[in-house]
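Enquirer: Could you have a look at this structure, given as structure tokens, before my questions?
The values are calculated or read from the model by the stated rules, or taken from the named source; none is laboratory data. In this text the structure is predicted, and so the values were computed from the model without any measurement. Heads up, the Cβs are rebuilt from the backbone with ideal geometry, glycines too, and the neighbour counts pull from every protein chain shown. With ligands, DNA and RNA removed, areas are computed over all heavy atoms of the protein, side chains included. Shrake-Rupley method; radii C 1.70, N 1.55, O 1.52, S 1.80 Å.
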Amino acid sequence: MNKKRFVAALFTAVVFAVPAAAAEPVKIGVLLPFSGVYGGLGSDQERALGLGFDTFGRSVGGRDIALVKADTEAKPAVGLQKARELILRDRVDLLVGIVSSAVAGAVRDYVHNAGVPLFITNAGNDLLTGARCSPWIIRTSFSNSQIVRGMGPWLHGRGYRRAFLMAFDYSAGRQMMDAFRDSFTAAGGAIAGEEYPPLGQVQDFAPYLVKLKSAAPDVTFVFFAGPPAIKFAREYAAFGLSSDIPLAAAGWLTSALHIDRQGGEVDGVYSILNYVPSIANAENAAFQRAHQARFGRAGSEYGVAAYDTARLIVDALAAVGADLSDKRAFLRAVHGVSFNGPRGPFRIDPATNNIIQNIYISQVRKSARGGVTAEVLDVLPDMRDAAGGCRM
Ligand code: PHB
């Protein structure tokens, strides 16, 4: 072959080596904290998201799913910067993730104005599916008030009358305590006191526990997550409070992510959450089996939300033939998806874009195998947020 023909043949080979139909991948930006106080939560979600795409589809309508990660550090300014980079530089089609309500609040306007669909896998910031809702922001996890508001009447029904509240001092902690206070006082209860330690690595909860003790409530209700949750529960027990003042919590206090590292110190804790690993349905059994096989430990509520998000995205993409040129049609497809997931029935409320789901009230008990587990006492089915605040 002479040189000219060789070059021509090479050109043909290169051009036609790419099949004409090879479609662009669907690019998904994964915005999670991989460092900082919520780093463990973000990593848990990232793993379960991968497991979800492996389970429900790594390729839809001829397009592969490509994930691009960015570390928010759970800091609002960093989260906003990373959201910008994913949209402008990486040109992602969709965004998935966000653990902190503060980060969710910081990225809201940018994502809304960019018109890039964002699937929130954790951050419960009430405003994002309430007064600051957006057609582009869908939440597959929970809203802060959705998780907590069942606990006021429930504890009152068990005879508790004076509650002491404690939570991280940022939007999530404040919103959860607002929802608890509203629901507990509406049921006839009173608030004995409230304390808000800063988000992050609190060195010592003792100053707060001293105030709690002197307020002499008959029950405590708290929100803490990540490593500080383990620390808080340990100090509450070490202070000798557990036997006199029962501890109730937004269930991340005894998350499946770390309950194995907790023991007798959380025995008896009441918790309210959208998932516990013991839920008896086929989808949860499949999720837990796959999670255990791949990661060597039980899947958590953080993981479940990410895993379900993969299923929602795959199903909605399939419904539009993976064609994202009409993003509003894609969002309509999102509203059309419903399934039974590990948490129970899963669907997105078109009035708020927040998930409608069961909420589980449980109590931590010593298990027969040693260690402790959360045993479900009550289920609040199909909890959905009032649509009042949201106009899309
Ligand atoms: C939140 O910031 O919304 C948040 C963070 C961690 C949790 C729950 C909620 O475990």
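Enquirer: Can you tell me how much longer the chain between Ala114 and Phe239 gets when fully stretched, taken as 0.36 nm per residue apart minus their C-alpha distance, in nm with one decimal?
Expert: Numbers: separation 125, 0.36 × 125 = 45.00 nm, distance 4.98 nm.
That works out to 40.0 nm of additional length.
Enquirer: Right, next: Sorted by mean Cβ packing within 10 Å, highest first, what order do the peptides 314-325, 74-85, 246-257 take? Could the numbers behind the result be given before it?
Expert: Details: 314-325: 17.7, 74-85: 20.0, 246-257: 25.4.
So the order, starting with the most tightly packed, is 246-257, 74-85, 314-325.
Enquirer: In whole percent, what relative contact order does the chain give with Cα contacts below 8 Å and a gap of six or more residues?
Expert: Values: 813 pairs, mean separation 65.7, N = 392.
For the chain, the relative contact order is 17 percent.
Enquirer: Would you mind pulling out the separation of the Cα centroids of the stretch 248-292 and the stretch 82-156, in Å?
Expert: Comparing the Cα centres of the stretch 248-292 and the stretch 82-156, I get a distance of 23 Å.
Enquirer: Just how far, in whole angstrom, is the stretch 185-227 from the stretch 43-59 if you go by their alpha carbon centroids?
Expert: The stretch 43-59 and the stretch 185-227 have Cα centres separated by 36 Å.
Enquirer: Which part of the stretch 294-318 falls in the paramagnetic zone of Ala66, meaning amide N under 14 Å from the point 7 Å along Cα-to-beta-carbon?
Expert: none
Enquirer: Cβ neighbours within 10 Å, averaged per peptide: list 48-59, 295-306, 199-210 in order, most packed at the top. Walk me through the intermediate numbers first.
Expert: Working: 48-59: 19.5, 295-306: 23.1, 199-210: 15.6.
Top of the packing list down: 295-306, 48-59, 199-210.
Enquirer: Calculate for the chain the 222 nm mean residue ellipticity that helices alone would give, adding -39,500 (n - 2.57) per DSSP H run of length 4 or more and normalising by residue count, nearest 500 deg cm²/dmol. Walk me through the numbers on the way to the answer.
Expert: On the way: 12 runs with 153 residues, N = 392.
Helices in the chain give a 222 nm mean residue ellipticity of -12500 deg cm²/dmol.
Enquirer: Sticking with this one: Could you check how many percent of all C-alpha pairs in the chain are farther apart than 34 Å?
Expert: Values: 22685 of 76636 pairs.
That tail contains 30 percent of the Cα-Cα pairs.
Enquirer: Still on this structure: Give me the percent of the accessible area of the chain that comes from carbon and sulfur atoms, probe 1.4 Å, all protein chains in place.
Expert: Working: 8320 of 15620 Å².
Solvent-exposed carbon and sulfur of the chain make up 53 percent of the total.
Enquirer: Sticking with this structure for a sec: For Thr55 and Arg261 in the same chain, what is the full-extension length gain: residue separation times 0.36 nm, less their Cα-Cα distance, in nm? The partial results should precede the final answer.
Expert: Values: separation 206, 0.36 × 206 = 74.16 nm, distance 2.88 nm.
Extra length available between Thr55 and Arg261 comes to 71.3 nm.
Enquirer: For the stretch 146-273, what is the accessible area per residue in Å² when the probe is 1.4 Å?
Expert: Values: 4500 Å² over 128 residues.
Per-residue accessible area for the stretch 146-273 comes out at 35 Å².
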